[in-house]
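This report concerns only the one structure given below.
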Amino acid sequence: RPQPLLGGVTSGKGTCGSGAPSSDITILLAGFSARPQDGAVVHVHASATVAVAALPHDRGLGRISPEGLRRTGPVAIFHAAGDAFSAAAGARVLVAPWHGVYAAGEDPLDALCAIETVESACRVLLSIQAALAASRGIPP
């Protein structure tokens, strides 16, 4: 029997299932306020994206091919939770370095697909960086 998502957000209201809401609920609700056209805001701990976001911009997210992000549009990095979505200048994918990724979409699947697109691009970037380092004899 399906259970409500713990800390999930639907239609701008937090749901807490059988436990307490996630500590990310403030950012999720802010996503609905900033992006009323969307029906879902999702948060995951996508490791490749979080790792790339922690790199300097010219070695991290700034190196991802625009073609790789054609479906999602720009990816914004934020450090302060309070105005994450409003400060993102319309970006629907936000990354909190050292933490996780938030995405808005028509529905939860659309938001997750945006995260997966960014995560795939970040995995490719990390693979390229590892291959370059290995070719130069730099240990991992």
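Summary of computed values
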read-out: Residue 116 accessible area, 1.4 Å probe, all protein chains in place, Å² to nearest 10; value: 90 Å²
read-out: Residue-wise HN-Hα coupling along the range 49-55, computed from phi with Karplus coefficients 6.51, -1.76, 1.60 (Hz; x: Gly, Pro); value: 5, 5, 5, 5, 5, 7, 7
read-out: Extension gain, residue 99 back to residue 136 (0.36 nm per residue minus Cα-Cα distance, nm); value: 10.3 nm
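The values are calculated or read from the model by the stated rules, or taken from the named source; none is laboratory data. Not measured: the values here are computed from a predicted model. Note: accessible area is taken over every heavy atom of the protein model, side chains too, but ligands, DNA and RNA are not part of it. Shrake-Rupley method; radii C 1.70, N 1.55, O 1.52, S 1.80 Å.
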